[in-house]
1. Hey, what number do you get for the chain at 222 nm if only DSSP H runs of n ≥ 4 count, each worth -39500 (n - 2.57), divided across all residues, to the nearest 500?
2. Can you give the Kirkwood hydrodynamic radius for the chain, in Å, rounded to one decimal and based on Cα pairs?
3. Once both axes come from the Cα atoms, what is the angle between helix 2-17 and the longest principal axis of the chain, in degrees from 0 to 90, rounded to 10?
4. What number do you get for segment 21-81 when its Cα radius of gyration is normalised by 2.2 N^0.38 Å, N = residues?
5. Counting DSSP beta bridges with both partners in the chain, what percentage is antiparallel, nearest 5?
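Please treat every number below as a calculation from the coordinates, not as lab data. Since the model is a prediction, treat every value here as computed from it, not as a measurement.
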């Protein structure tokens, strides 16, 4: 009986110490959407602003439907990156969409990322394609 109680307590401590990906942390990601190695700048037209959709606790693209993501971050007009604030330690999938003016065409793509520190600023290129 004593062994079961100790095992239960150890399990509770282990489970409560695990952090799940999500909002409420101090991590920042600076995500640069890139098409064939070239930066994609956020446009002033609302439908063509660079956007990074974030899926928590994921390492693969869940779908291309924005409703399947946990949070969206929109880039500032004229900037070639999207700033993602307030993430906790954990695994994320970043799915970026934007407008490549050299085509012109809509581009999208994504990349998994794992944040391992409580507080960090991480810079990442997000590959996008037509």
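1. -4000 deg cm²/dmol
2. Result for the chain, one decimal place: 15.8 Å.
3. 20 degrees
4. Here the answer is 1.20, to two decimals.
5. Taking every DSSP beta bridge with both residues in the chain, the antiparallel ones total about 80 percent.
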